[in-house]
Amino acid sequence: MRRLTTLSFILLALAGAARAEPVHGIAMHGNPALPADFKNFPYVNPSVKKGGKIAYGVVGTYDSLNPFNLKSIRTTARGMWDNIFGNLVYESLMVRSSDEPFTLYGLLAESVEWDEARTYIQFNLNPKAKWSDGQPVTPEDVIFSMEVLRDKGRTPFNARLNPVEKMEKIGERSVRFTFNKLADREFPLILASGTPILPKHIINPATFDQSSLTILTGSGPYKVKTVNPGQKIVYERDPNYWGKDVPSKVGFDNYDELSVEYFLQENTLFEAFKKGAIDVYLEGNPTHWSRAYDFPAVSSGDVIKDVFKPNVPSGMLGFVFNLRRPAFQNEHVRKALATAFDFEWANRNLFDGAYTRTQSYWQNSSLSSLGEPADQKELALLGDAVKKIPKNILDGKTEFPATDGSGGDRKVLRDVVETLKKGGYTIKGGKMVNESGVPMAFEIMTQNQDQEKVAISFQRTLKMIGVDLSIRTVDDAQYQSRSGNFDYDIIMKSYPSSLSPGIEQIGRWGSDSKDRQGSFNFAGLADPDVDRIIQAMLNARSREDFETAVRAYDRLLLAGNYLVPLYHIPEQWVARWKYIEHSDKLPLYGYQLPTWWDVRAQK
């Protein structure tokens with residue numbers, strides 16, 4: 001009788017678990033910070049009067065309004081689906097709060113249902129959700145979006161359904177996704193916030209994979225007003241936008257008109273900003289930040305220089321080795337070249353000492369291995385992979401010694417030469433050659449003058465030990481094409497990091513993305529240990545287990561020397577004309593342009 005009672009209890013518990021209650025938000029770890037009746041995100045100004053306009057500027061070009069197919073992966077008009085300027089035209093089922101590590105709140109879906117094990121998720125659509133032509137957003141639209149992105153979309157959208165066992169309409173306005181063994185604990189959140197929902201009644205699946213300048217219908221707060229291919233795109237706010245009172249959208253999308261203008265060079269873009277043709281300039285160059293803002297509008301106070309200090313990890317900027325090239329498959333070669341970069345010289349002579357050397361992919365956060373010796377839990381997770389990791393990295397100490405700043409520190413270069421010997425290279429006749437006498441020679445592909453000058457400093461140092469480094473700066477179109485096809489020896493790339501790294505790491509470092517054109521696996525890495533630790537990170541149930549997995553992952557990437565770590569600044573710099581204003585409350589992840597407003601519209 002007791003056994004029957006226990007069994008009955010288990011069955012009842014399972015049945016109860018299957019009947020999950022709808023919730024307003026979901027978090028990767030723990031619970032959402034905001035209650036079900038929240039009115040707006042804490043970092044917006046909910047009382048702003050909408051109106052006015054803003055002009056953004058970018059370097060590059062565009063030839064398509066479809067951001068979701070491979071042909072226009074990097075030449076789509078900015079703003080259609082954009083993590084900087086906002087998702088102006090297309091929307092997702094849920095949206096992320098920038099004031100929490102990884103928490104989502106309702107948008108197209110007003111509520112969700114899922115079980116504790118995250119074996120499924122059900123999205124209950126907001127009955128008010130409509131396309132800009134007035135048609136309702138339906139479960140059929142959600143299912144269609146997933147299918148057309150799977151069949152004709154680009155990475156990562158074309159893989160969204162891989163972890164889905166079944167996708168089905170539930171009732172009149174709900175869609176349920178049941179997952180298979182490929183799903184991890186993060187996947188429901190990626191599905192909810194990282195996948196655009198598209199109108200089935202508008203889009204032709206047969207031509208979806210083609211670049212197009214046809215203006216399409218979205219559910220977002222803006223419509224495309226004018227298209228000037230390659231030069232400018234203008235959006236106008238939809239006065240009938242269905243979601244303007246949804247709590248996760250209150251305080252956003254405050255301009256009546258928003259434009260994005262394209263420039264061939266960064267200098268031209270900055271000159272346009274100085275003249276007032278562009279309203280906001282996102283600064284990333286410390287020398288430029290300290291020296292270029294001496295024009296009258298700054299002196300008069302018409303242009304304001306904002307410094308933001310978010311609570312996010314440093315990320316990683318570096319010269320990335322293409323491991324598809326045989327020379328860079330040698331771990332000793334990679335380590336030697338990474339050690340050779342004279343950060344102290346570059347920082348002093350090129351950047352007025354503004355930068356800090358990056359020694360971890362998650363520096364300045366609890367996720368970093370820097371300053372954190374690996375504990376028993378982390379060592380157990382690493383298993384045999386611990387043999388790949390040098391003792392100093394396991395101890396949480398820095399990998400790269402400080403140089404004397406001369407650009408040719410003899411002690412450091414002596415260590416570099418000794419490491420290259422382990423990789424089969426020696427100096428003969430002033431040239432670094434392999435055992436067959438072939439000189440070590442490779443090319444760095446750069447995108448602009450700022451990247452080029454850093455590459456030149458690296459070139460100068462390597463020349464002292466007989467390494468022939470050439471530099472090729474190409475235009476934006478060629479840079480995007482070659483980087484997408486992995487046609488380079490070394491490339492300078494940035495890997496932004498967050499407090500909730502997840503499935504994007506597969507696209508950057510996972511074996512499955514190594515040969516997938518258009519992926520962000522620029523190094524061409526395929527390592528089973530890296531794959532395994534990524535999965536441990538994705539499947540962690542507690543914050544403690546998650547941090548352990550990320551630190552182990554950080555150590556593996558550092559130990560592999562897949563790039564030459566460069567530098568970072570723990571601040572965000574933005575210059576703006578004073579009629580563009582923002583809230584005093586800075587969220588966890590830093591400034592959020594879609595929440596800013598035009599002061600002129602408040603009068």
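Which pairs, out of Lys53/Lys578; Lys244/Lys585; Lys388/Lys514; Lys71/Lys152; Lys169/Lys249; Lys428/Lys463, put more than 18 Å between their alpha-carbon atoms? Write out the running numbers ahead of the final one.
Values: Lys53/Lys578 13 Å; Lys244/Lys585 21 Å; Lys388/Lys514 21 Å; Lys71/Lys152 10 Å; Lys169/Lys249 26 Å; Lys428/Lys463 13 Å.
Listed pairs above 18 Å: Lys244/Lys585; Lys388/Lys514; Lys169/Lys249.
Dipole check for segment 447-531: with +1 at the C-beta of Lys and Arg, -1 at the C-beta of Asp and Glu, and the Cα centre as origin, the magnitude is about 300 Debye. For segment 316-568, the share of DSSP beta bridges that are antiparallel, to the nearest 5, is 65%.
3J(HN,Hα) along segment 228-233: 10, x, x, 10, 6, 9 Hz, from the Karplus curve 6.51 cos²θ - 1.76 cosθ + 1.60 with θ = phi - 60°, whole Hz, x for Gly and Pro.
Would you mind checking the pairs Lys335/Lys422; Lys387/Lys411; Lys275/Lys305 and listing those with alpha carbons more than 18 angstrom apart? Don't jump to the answer; show the numbers that get you there.
Working: Lys335/Lys422 11 Å; Lys387/Lys411 27 Å; Lys275/Lys305 16 Å.
Distance filter (> 18 Å) returns Lys387/Lys411.
Short-range pairs are left out: with C-alpha atoms under 8 Å and at least six residues apart, the relative contact order of segment 316-568 is 34 percent. Couplings for segment 198-214, taken from phi via the Karplus curve 6.51 cos²θ - 1.76 cosθ + 1.60 with θ = phi - 60°, read 10, x, 5, 6, 10, 7, 9, x, 5, 10, 5, 7, 9, 5, 8, 9, 5 Hz in order; Gly and Pro are left as x.
What is the sum of charges, Lys and Arg at +1 and Asp and Glu at -1, for the other residues whose Cβ falls under 12 Å from the Cβ of Ser542? Show your work: numbers first, answer last.
Details: positive: Arg185, Lys377, Arg541, Arg543; negative: Glu544, Asp545, Glu547.
Summing Lys/Arg as +1 and Asp/Glu as -1 gives +1.
Normalising the average separation of contacting C-alpha pairs (under 8 angstrom, six or more residues apart) by the number of residues puts the relative contact order of the chain at 20 percent. Determine the sum of side-chain charges near Leu282: Lys and Arg each +1, Asp and Glu each -1, restricted to other residues whose C-beta is under 15 angstrom from that of Leu282. Local net charge: -4.
Near Glu344, within a Cβ-to-Cβ distance under 10 Å, what is the net charge of the other residues, with Lys and Arg +1 and Asp and Glu -1?
Details: positive: Arg348, Arg357; negative: Asp342, Asp404, Asp409.
Neighbourhood net charge equals -1.
From the Cα gyration tensor of segment 316-568, with a ≥ b ≥ c the square roots of its eigenvalues, which class applies: rounded if a/c is under 1.5, or else prolate if a/b is larger than b/c, or else oblate? Present the calculation step by step, with values, prior to reporting the outcome.
Numbers: a/c = 1.56, a/b = 1.40, b/c = 1.11.
Judged from the Cα gyration tensor, segment 316-568 comes out prolate (a/c at least 1.5, a/b above b/c).
Relative contact order, whole percent, for segment 385-497 stands at 23, derived from Cα pairs under 8 Å and 6 or more residues apart. Between Lys130 and Phe308, the FRET efficiency estimated from the beta carbon spacing at R0 = 35 angstrom works out to 0.50. Only helices enter this figure: runs of n ≥ 4 DSSP H residues, each worth -39500 (n - 2.57), summed and divided by the residues of the chain, yield -8000 deg cm²/dmol at 222 nm to the nearest 500.
Indicate the gyration tensor shape class of segment 276-373 (rounded, prolate or oblate), computed on the Cα atoms with a ≥ b ≥ c the square roots of the eigenvalues: a/c under 1.5 is rounded; otherwise a/b larger than b/c is prolate and the rest oblate. Here segment 276-373 falls in the prolate category.
Classify the chain as rounded, prolate or oblate, taking a ≥ b ≥ c as the square roots of the eigenvalues of its Cα gyration tensor: rounded when a/c is under 1.5, otherwise prolate if a/b is larger than b/c and oblate if not. It is oblate, given that a/c is not under 1.5 and a/b is not larger than b/c. Using R0 = 51 Å, the C-beta based FRET efficiency linking Phe295 and Glu331 works out to 0.55. Using θ = phi - 60° in the Karplus curve 6.51 cos²θ - 1.76 cosθ + 1.60, the 3J(HN,Hα) couplings for segment 79-94 round to x, 4, 8, 8, 7, 9, 8, x, 7, 6, 10, 10, 10, 10, 5, 9 Hz; x is entered for Gly and Pro. Cross-link partners of Lys431 among aspartates and glutamates, defined as those whose alpha carbon lies under 15 angstrom from its own and excluding same-chain residues fewer than eight positions apart: Glu418, Asp468. If you find the alpha carbon centre of segment 358-403 and of segment 128-199, how far apart are they in angstrom? Answer, in whole Å: 38.
Close amide-amide hydrogen proximity is noted between Leu323 and Gly524, each under 5 Å apart and 5 or more residues distant or on a separate chain (H modeled in the peptide plane; Pro and chain starts excluded). Toward the positive end of the charge dipole of the chain, with +1 on the Cβ of Lys and Arg and -1 on the Cβ of Asp and Glu, the farthest Cα among Thr426, Asn267, Asn162 is that of Thr426.
We did not get these values from a lab; they are worked out from the coordinates using the rules stated. Bear in mind the structure is a predicted one, so any value in this text is a computation, not a measurement. Reconstructed Cβ throughout: ideal geometry from the backbone, glycine too, with neighbour counts over all protein chains shown.
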